[in-house]
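Enquirer: Handing you a structure now.
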Amino acid sequence: MLKLLIFDLDGTLADTAQDIADALNFALKPFGNKVYSVEETKAMVGSGISKLLVSLLPVKDESSRQLVTDRFIGYYSEHVVDNTVAYPHVKETMQQLGNYRKAVVSNKREALSKEVLRGVGLLQYFDVVWGSDSVREMKPSPVPIFDLMNMFSVLPEETAIIGDSNYDIEAGKAAGIKTIAVTYGFRKREILKDADFVIDSFDRLLDIFPQTNESM
C-alpha cells in the first residue's frame, strides 16, 4: 500500500510559467538577451534556475552570474504569484488525500516554493517542502526521495512521485518507486512515456492509486 506521495511543484501543482518567464526576462535584460516567451520558458526550466540563467548569459564571468541571479530572485520574490494558479482539480484532490504523507520536492528554492504553495492555497496539505537549497542533490538524483523515505520510514514500494518532467520520472525510477506523470504541465507527453502511469488531469490520481496498490 502506498504511504508517501512526493510531488513536483512547477507544472504539476501550480502553473508558474508566466511569473517565471517575467522574472527570467527581467534578470537578463541588462545583458541584451532576447525576450523569452512563456512556452520557451516552460521548455527550459526544470533543472534549477541558477543553471538556466548561467546558460543564457552571453558573458559567464562571476559578476554577471551574481547580478543575473540577484535580479531574478529579487524580482521573482516580489511577483511570485502575480499570475500563478493551482492547476484544475488540485485543491479538491489534495483534500481527499489525507491518509497519505505528502511532500513537495522542487528544483526551485525552498522559500520560493513555500511562497508559491502558500499563495495558491496548497501549503497546508504538505508535511514537508524541499527546494534546490534544502536537498543534498537535486532531481533527477534520487537522493531527495531516499531521504524522504528514511524520514517517514517507508519502503520504495510504499512511495510514489508525481511530476510533469523527465527529471521527476528519472528520479523516481532510480529510487525504485512508482512514477506518475502529468501531461498538462511543462513537458510534452512523449518525454513522459517511461512513467508507470500517465494522466491528463490531476484528479485522475484518485483512480490511479488503487491501481498502483494492486500492482505492488
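The values are calculated or read from the model by the stated rules, or taken from the named source; none is laboratory data. These numbers come from a predicted model, not from an experiment. Reconstructed Cβ throughout: ideal geometry from the backbone, glycine too, with neighbour counts over all protein chains shown.
Enquirer: Give the number of residues within the stretch 41-74 that are touching a residue at least 40 places away in the same chain (Cβ under 8 Å) and more than 20 Å from the chain's Cα centre (by Cα).
Expert: Residues flagged as touching a residue at least 40 places away in the same chain (Cβ under 8 Å) and more than 20 Å from the chain's Cα centre (by Cα) within the stretch 41-74 amount to 2.
Enquirer: Right, another one. Before we move on, is residue 18 in a helix (DSSP H, G or I) and either surrounded by 15 or more Cβ atoms within 10 Å (Cβ to Cβ) or in contact (Cβ under 8 Å) with a residue 24 or more places away in the chain (or both)?
Expert: yes
Enquirer: Keeping to the stretch 37-72, report how many residues are in a loop (DSSP other than H, G, I, E, B) and at pLDDT 95 or above.
Expert: Final tally of qualifying residues: 1.
Rundown of residues vs (1) surrounded by fewer than 24 Cβ atoms within 10 Å (Cβ to Cβ); (2) in contact (Cβ under 8 Å) with a residue 12 or more places away in the chain; (3) in a loop (DSSP other than H, G, I, E, B); (4) in contact with a helix residue (DSSP H, G or I) (Cβ under 8 Å, 6 or more places away or on another chain), yes/no style:
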{"position": "147", "(1), (2), (3), (4)": "yes, yes, no, no"}
{"position": "151", "(1), (2), (3), (4)": "yes, yes, no, no"}
{"position": "169", "(1), (2), (3), (4)": "no, yes, no, yes"}
{"position": "173", "(1), (2), (3), (4)": "yes, yes, no, no"}
{"position": "179", "(1), (2), (3), (4)": "yes, yes, no, yes"}
{"position": "187", "(1), (2), (3), (4)": "yes, yes, yes, yes"}
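Enquirer: State all residues of the stretch 176-191 that are within 21 Å of residue 210 (Cα to Cα) and not β-branched (Val, Ile, Thr); if no residue qualifies, say none.
Expert: 176, 178, 181
Enquirer: Follow-up. Among the candidates 158, 137, single out the residue that is touching a residue at least 60 places away in the same chain (Cβ under 8 Å) and surrounded by fewer than 21 Cβ atoms within 10 Å (Cβ to Cβ).
Expert: One residue alone meets the criteria, 158.
Enquirer: Another one. Is it the case that some residue within the stretch 191-213 is more than 19 Å from residue 9 (Cα to Cα), of a type in the set (Ser, Thr, Tyr) and in contact (Cβ under 8 Å) with a residue 12 or more places away in the chain?
Expert: yes
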